[in-house]
Every structure is written in structure tokens, then in C-alpha cells.
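The values are calculated or read from the model by the stated rules, or taken from the named source; none is laboratory data. On a predicted model such as this, the values are computed, not experimentally measured, just so you know. With ideal geometry, Cβ positions are generated from the backbone for all residues, glycine too; neighbour counts draw on all protein chains shown.
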Amino acid sequence: MKDPMAPYRSRISSVVVSSVIDTFNLMLRQNVTAMPVPGPAAIGPDMAVYACVRLDQQDLRADFYFSFDRTLLLLTAAAFYEKDREAQPAIQEDIACAVANIVGGKVKTFLNHEGYHFEMGLPFVAKPGALGADDAVRVHFSFDKSGSNGLVVNYVMEDRKTGAGSA
């Protein structure tokens, strides 16, 4: 079966990149940059908070998994909350879900302008390593020059008729 999303892969990745960079650099006052993916099997930073958002329509589903480096979330929270509150896990999870919501909304808008009819679910905190698909598209971001810290966004497109994932 022909993959209906194949022509959109690089454009979806571009929407993810611009959305993450705009969200962090303009709204959240953190400087992140897109980086080459450090390795094909990387799901995200070790000390991480994970969030997920799903786009769904009758025949297609897209899952976006976000792996946030905890240090990035702590720095972001410190810019908005008084001392000691920024370390609270619930605040870090709220920031993770807010970013997932913004990025998912922009991807949904892009795809719906291309003729799709996706609905978006509420972002939620996911379990570490929740993304098990080998065919996920990975987009990596860093907030320091090493490129090893930051955020990884993995997404998988699935044809619901066949149940087959496609990246």
C-alpha cells in the first residue's frame, strides 16, 4: 500500500523544527537549536520527562512523542516560577505537555490545510521509552553547544486500515 504521508515527511519535520524553536526561543526564553540526530535508536535524554500528543482522523493516526531533558525544563520553569517551585515535577510535566500541545497544534493545522481532517487529543505525560517503533522520524534539539542535551521529538504515522506504521 502506498504511504499517503510520504510527500509530507520533510514538511512535517520542518513544522516540528520551527514550532519547537519558536516556542522555546520566543515564548519560553530558552535558546534551543535543531541538531543532527545523535543516533538512530536514541529516544531522548536519560534524565527526561516524556509527553505525547496524538493526531487522529478516520484512516490515519500520528503519534508525537517528546523526550525533554530535565535540565531544559528546570531552566524554563526557573524563568517563570519563584525559586524552589521550578523543581516540582508537576511544573516540568506541565511545560512538557504545553510544548507538545503547541507543536501538535501547528502540525495539525499544517496537515488540515493540506486536505486532511485530523483531530488532536490532549497531550499527556508518557512513560519513558513509550515509543517502540523502529520507523519513527526523529528530530533532535539542543540547548547547549554539546548537542547532547535538550529535546527529541519522535513521530510515527500509522495507516489505521492496515495497522502499519510509516515514518
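Assorted remarks:
- Qualifying positions in segment 63-110 - of a type in the set (S, T, Y), in contact with a helix residue (DSSP H, G or I) (Cβ under 7 Å, 6 or more places away or on another chain) and touching a residue at least 12 places away in the same chain (Cβ under 8 Å): T76
- Annotation note: of G115, G105, the sole residue that is under 20 Å from S19 (Cα atoms), surrounded by fewer than 20 Cβ atoms within 10 Å (Cβ to Cβ) and modelled with pLDDT of 85 or more is G105.
- Selected residue (criterion: surrounded by the most Cβ atoms within 10 Å (Cβ to Cβ)) from residues of segment 122-167 that are part of a loop (DSSP other than H, G, I, E, B), modelled with pLDDT of 65 or more and in contact with a Cys (Cβ under 9 Å, 6 or more places away or on another chain): P123
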